[in-house]
Amino acid sequence: MNSESTVSRSIGLMLLSVLLFAVNVLAIRALSLAVPAADGWMASLFRGAVGLVVVAVFFGRRGLELGHLVTRPLVLVRGVVGGLGILALYLTVVELGAARAVIINLSYPMFASLFAVWWMRETLTPRAWLWMGVGFAGLVLFLAPDAGGGIGLWDGVALAGAVAAGAVVALIRLLRHSEHTSTIYAAQCGYSVLFALVPGSAAMGQVGAGALVALAVAAAVVAVAQLAMTHAYRELTVAQGSSIQMLLPLVTAAGGWAFFGERFSPVELAGAAVTLVATWQVVVAPRPSTVLPRKALGT
């Protein structure tokens, strides 16, 4: 297989992951409207549980180290922050709607850039700093109308989830030299289950078998999306892959508009557009290579 066809296949896998991520979010939104008890807690619980099954089946004998979830500090932090970020995403999908929650969440590359500067001493070009400022201004513009001039509670939760997602990206970059991919992903899944276990399982008696099956299928869909994205990154750069992932809020917004009647004011649309364009510019901006100190890698 030549390089061009391999890259084309990776682009196809990345586009598939975008579609599947959107399907997952829209399915959770639809399910929560039809069965209110099937909320973000339950969605997070199922995503974590199914994810653990997937990594155990595919990587149980090829790199997965579940013990590292509690014995390696950076893996533990990655799991805790990632688990809270996933919970924030699903709770806000239910409370804010699929499109709004995903648009806020997809601002995470800007936060990831800031964490990279802080933790790994990466440097950003003046252009990247400028676009980050523009992106944050757009985010404020997007958030303000819904809260009458301020950020509402669930907007704040969604924003915290975006910050958590940005931190996770930086943590994964720190861990990729010392931990297997399956262990890094299992950390998120394991702590998602831990955080959502009590509230998520408490309402299962109020949810029919059909809804539980739907939750499991939605979790399997997002697991396939995660695997497709991970495989695509073998041939695509972070900038290329992240640029394609920026299609996710557009696909989700189209689904929210078509299926759930989700609408935005002209000011919100302008703010969202500014944030997404600015985030894309930050993602594709050239960056100098950074050599991480061995201590930072936990070695």
- prompt: Between Glu122 and residues 5 or more places away or on another chain, which pairs have amide H atoms under 5 Å apart, with H built 1.01 Å from N, and which residues are they?
  reply: Val117
Listed residues Val163, Val70, Val55, most fluctuating in the chain (Gaussian network, C-alpha, under 10 Å): Val70
field: Average accessible surface area per residue within the chain, 1.4 Å rolling probe, Å²
entry: 46
task: Per DSSP H run of at least 4 residues, take -39500 (n - 2.57); add these up for the chain, divide by its residues and hand me the 222 nm value, nearest 500 deg cm²/dmol.
output: -25500 deg cm²/dmol
query: Can you pull the three principal axis extents for the Cα set of region 90-231, in Å, largest first?
result: 54, 47, 25
query: Taking the C-alpha atoms of region 1-111, how large are the radius of gyration and the largest Cα-Cα span, Dmax, in Å?
result: 16.7, 50
query: Can you name the helices of the chain, as whole DSSP H runs, whose Cα span along the helix axis is 20 Å or more and whose Kyte-Doolittle mean is not below 1.6?
result: 40-59, 73-96, 153-175, 209-232
task: On the protein heavy atoms, probe 1.4 angstrom, tell me the percent of accessible surface of region 81-203 carried by carbon and sulfur.
output: 70
query: DSSP loop trypsin sites (Lys or Arg not before Pro) in region 33-115 with at most 16 other Cβ atoms within 10 Å of their Cβ, which ones?
result: Arg61, Arg62
- prompt: What is the log10 of I(q)/I(0) for the chain, computed with the Debye formula using one identical point scatterer on each Cα and no solvent, at q = 0.07, 0.12, 0.16 Å⁻¹?
  reply: -0.25, -0.79, -1.44
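The values are calculated or read from the model by the stated rules, or taken from the named source; none is laboratory data. On a predicted model such as this, the values are computed, not experimentally measured, just so you know. Please note: Cβ atoms are built from the backbone with ideal geometry, for glycine as well, and neighbour counts cover all protein chains shown. Please note that ligands, DNA and RNA were not included when accessible areas were found on the heavy atoms of the full protein model with its side chains. Shrake-Rupley method; radii C 1.70, N 1.55, O 1.52, S 1.80 Å.
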